[in-house]
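Peer 1: Dumping the structure here so I can ask a few things about it.
The values are calculated or read from the model by the stated rules, or taken from the named source; none is laboratory data. Only a predicted model underlies this, so the values are computations on that prediction, with no experimental measurement involved. As a convention, Cβ positions derive from the backbone with ideal geometry for all residues, glycine included, and neighbour counts pool all protein chains shown.
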Amino acid sequence: MNFYTGLKKMNVWILKTNISSQSEFEKVKNTFDRNLDIYECTIDLDDIDKVVRIISNDLTIDEAESKIQNLGFFCKELDD
């Protein structure tokens with residue numbers, strides 16, 4: 001999914017994960033916070049799919065999935 005803020009195109013990635021706690025998510029968030037291209041990274045721990053939502057200028061879906069998987073979590077793009 002894409003949208004525009006001002007003149008910048010933003011990617012919105014919606015990812016199904018197995019992250020089960022806020023402390024686990026903080027590990028993921030800290031990884032993405034180091035990337036200046038990430039506008040926002042959030043999780044819905046109440047959702048059955050433990051959905052992580054990432055808004056970014058340049059991060060690809062493959063890069064997002066890889067970063068989360070490298071931390072030891074399951075991660076897959078959620079289908080529309």
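Peer 1: Search region 1-28 for residues that are within 14 Å of residue 64 (Cα to Cα) and pair each with any residue that is assigned to a loop (DSSP other than H, G, I, E, B) and modelled with pLDDT under 95 when their beta-carbon atoms are under 6 Å apart and the residues are at least 6 apart or on different chains.
Peer 2: As it stands, the answer is 12/1; 14/78; 16/78, since those pairs meet every condition given.
Peer 1: Within region 54-79, work out how many residues are within 15 Å of residue 24 (Cα to Cα) and touching a Ser or Thr at 6+ places or on another chain (Cβ under 8 Å). Give the steps one after another, and end with the answer.
Peer 2: The initial filter retains those residues of region 54-79 that are within 15 Å of residue 24 (Cα to Cα), namely 67-75.
Subsequent filtering for residues that are touching a Ser or Thr at 6+ places or on another chain (Cβ under 8 Å) retains 67-68, 71, 73-75.
Count: 6.
Peer 1: Turning to a different aspect of this structure: Give region 23-59 a look and list any residue that's at pLDDT below 90 and touching a Leu at 6+ places or on another chain (Cβ under 6 Å), or say none.
Peer 2: Residue satisfying the conditions is 37 alone.
Peer 1: Moving on to the next point. In this structure, does residue 56 turn out to be out of contact with any strand residue (DSSP E or B) (no Cβ under 6 Å at 6 or more places or on another chain) and of a type in the set (S, T, N, Q)? Walk me through how you get there before you give the answer.
Peer 2: Details: out of contact with any strand residue (DSSP E or B) (no Cβ under 6 Å at 6 or more places or on another chain): no; of a type in the set (S, T, N, Q): yes.
No, not satisfied.
Peer 1: Could you tell me which numbered condition residue 71 fails, if it satisfies all but one of (1) over 12 Å from the mean Cα position of the chain (by Cα); (2) surrounded by fewer than 13 Cβ atoms within 10 Å (Cβ to Cβ)?
Peer 2: The single condition residue 71 does not satisfy is (2).
Peer 1: Give region 67-79 a look and list any residue that's part of a loop (DSSP other than H, G, I, E, B) and at pLDDT 95 or above, or say none.
Peer 2: So in region 67-79, the residues part of a loop (DSSP other than H, G, I, E, B) come out as 71-74, 78-79.
Passing the criteria: 71, 72, 73, 74.
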